[in-house]
Amino acid sequence: MSEFPSLVESGSFQHLLDELRDRSGDLNAPESWPAEQLHQMSEAGVLGWLVPTEFGGSDISDVELTAGYEHLATACLASTFVLTQRNAAIQRIARSGNEALKSDILPALVTDSIFATVGISHLTTSRQHWTKPAVAVERVDAGYIFHGEVPWVTGADKADLIVCGGTLHDGTQVLVALETNTEGVHIEPAVPLMALNSSRTASVRLDNVFVSLEFLLFGPTEQVIKHSGGGAGSYTTSALAVGLAARAIRVLREETKHRPELLDILHRFANEHAAISTDLARATAHLQDVTTPALTTEALRQRSNSLALRSSQACLAASKGAGFVASHPAARLVSEAMFFLVWSCPQPVVLGNLRELACSASGEHEIPF
Ligand SMILES: Cc1cc2nc3c(=O)[nH]c(=O)nc-3n(C[C@H](O)[C@H](O)[C@H](O)COP(=O)(O)OP(=O)(O)OC[C@H]3O[C@@H](n4cnc5c(N)ncnc54)[C@H](O)[C@@H]3O)c2cc1C
């Protein structure tokens, strides 16, 4: 996959991938949650990837992280997606200046002893057209009062801690580490999704929740998510899409064993996958000019989305009616690929996806990258 493979070639990581692949079907069961998968990741040292070394983690490079996510997503997208939300919480805690909180929480996040997640999309890609903030915050003595609804929280009912934010009356925002057992925090039931139900994604209602200054991570400031690092449409999201495409290509390769007429299709997807995977690795290693149109963060996300969608649908078309049976790998690939159309997509990526969908087969309109 990547030209920077050190971590992913280790024996323990390869063993983890085998385990995740073997168990990925278990996560289709109703009410499932990847507890066992997270435990295996914990045993393989993966949960500590983003925890700084001073707190017991391994603090791997962006290049290794991207390659790691690609391989994990190929093996099991559901548990890898849950890992990314956990890591998004870790990254923000680790980057904050709240040293006491970091020493308190980060060592526990190296293993699966606690689960943390994020509820930040209402500050980036969700409900941006609303006139009132989804979560309103008021400054009081010794802390803040949070009121409103955090619309999307993966693993909400499994979380000990949610990194979430809200907006004050002057438009500035704060980001806090919210303990889920705080008075006034109500976790709604997980919503039935078209795929990835085991992510147990739900909304969280905050009824005048008091959060003491001890739990403040960033702010108050404008656009707090920019200050906390990361954001929508990051390399992480592209890595998962590319990882899913690699699984689609594997399934296609199996089909070609008996059907040589599919070889040309397979090679086209395999070449495109190799090119995007390399561009992504080089982008995270800062080895290329990211102002080149096809290599910007947004273009990489669009290219990855496009590949995930087309390769999974090609898998279904090649698998014919058999692939339409819910238990067939092609059926799962197609529904999982749809996730990338909606997950953490900044507006330019949404528009790029829509423009591509509006392209006609006659070539009347150009594909937008
Ligand atoms: C399975 C899943 C898991 C997720 N997990 C997390 C998580 O753990 N943490 C997290 O922070 N986020 C998470 N997200 C959120 C995700 O990253 C995006 O923010 C989310 O998908 C954006 O969709 P939305 O429906 O909230 O967008 P919105 O923009 O709020 O759109 C909702 C609806 O509003 C209408 N609308 C949209 N734009 C306009 C407009 N300009 N004018 C008028 N009407 C409009 C449309 O009818 C649209 O259907 C998750 C999402 C999914 C699907």
Among Glu36, Glu70, Glu19, the single one that is among the acidic types (Asp, Glu), farther than 23 Å from Ser228 by Cα, surrounded by 24 or more Cβ atoms within 10 Å (Cβ to Cβ) and in contact (Cβ under 8 Å) with a residue 12 or more places away in the chain is Glu70
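When you go through Ala177, Ala136 one by one, which is the residue that is in a strand (DSSP E or B) and surrounded by fewer than 18 Cβ atoms within 10 Å (Cβ to Cβ)?
Values: Ala177 fails: surrounded by fewer than 18 Cβ atoms within 10 Å (Cβ to Cβ).
On inspection, the qualifying residue turns out to be Ala136.
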Need at least 2 residues that are free of Cβ contacts under 8 Å to residues at least 24 places away in the same chain, on the phi < 0 side of the Ramachandran plot and out of contact with any strand residue (DSSP E or B) (no Cβ under 8 Å at 6 or more places or on another chain) per element, so show me which helices (runs of 4 or more DSSP H) inside the range 214-288 make the cut, counting only ones lying wholly within it. 235-256, 263-284
So is Ala195 more than 27 Å from Ser277 (Cβ to Cβ) and in contact (Cβ under 8 Å) with a residue 24 or more places away in the chain or not? no
For the list (1) surrounded by fewer than 21 Cβ atoms within 10 Å (Cβ to Cβ); (2) more than 16 Å from the ligand (Cβ to nearest atom); (3) within 25 Å of Val191 (Cα to Cα), I need the number of the one condition that Val110 fails. (3)
Against the condition closer than 12 Å to Ala248 by Cβ, modelled with pLDDT of 95 or more and either away from the ligand (no atom under 16 Å from the Cβ) or outside any helix (DSSP H, G or I) (or both), how does Glu336 come out, does it pass? no
Pick out the one residue from His169, His186 that is more than 15 Å from the ligand (Cβ to nearest atom), part of a loop (DSSP other than H, G, I, E, B) and not charged (D, E, K, R). His169
In the range 92-108, the residues that are touching a residue at least 60 places away in the same chain (Cβ under 8 Å) and either closer than 26 Å to Ala246 by Cα or in contact with a Ser or Thr (Cβ under 8 Å, 6 or more places away or on another chain) (or both): Arg92, Arg95, Ser96
Among the residues of the range 305-326, write down those that are within 21 Å of the chain's Cα centre (by Cα) and surrounded by 22 or more Cβ atoms within 10 Å (Cβ to Cβ). Asn305, Ser306, Leu307, Ala308, Leu309, Ser311, Ser312
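Could you please find all residues in the range 139-155 being part of a strand (DSSP E or B) and either within 16 Å of the ligand (Cβ to nearest atom) or within 21 Å of the chain's Cα centre (by Cα) (or both)?
Just the residues of the range 139-155 that are part of a strand (DSSP E or B), to begin with: 139-140, 143-153.
Selection gives Phe146, Gly148, Glu149, Val150, Pro151, Trp152, Val153.
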Return the residue satisfying two criteria in turn: it lies in the range 1-56 and is assigned to a loop (DSSP other than H, G, I, E, B) and among the acidic types (Asp, Glu), and of such residues it is farthest from Ala190 (Cα to Cα). Glu3
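The values are calculated or read from the model by the stated rules, or taken from the named source; none is laboratory data. What you are looking at is a predicted structure, and each value in this text was computed from that prediction instead of being measured. Cβ coordinates were reconstructed from backbone atoms using ideal geometry, including for glycine residues, and neighbour counts include every protein chain displayed.
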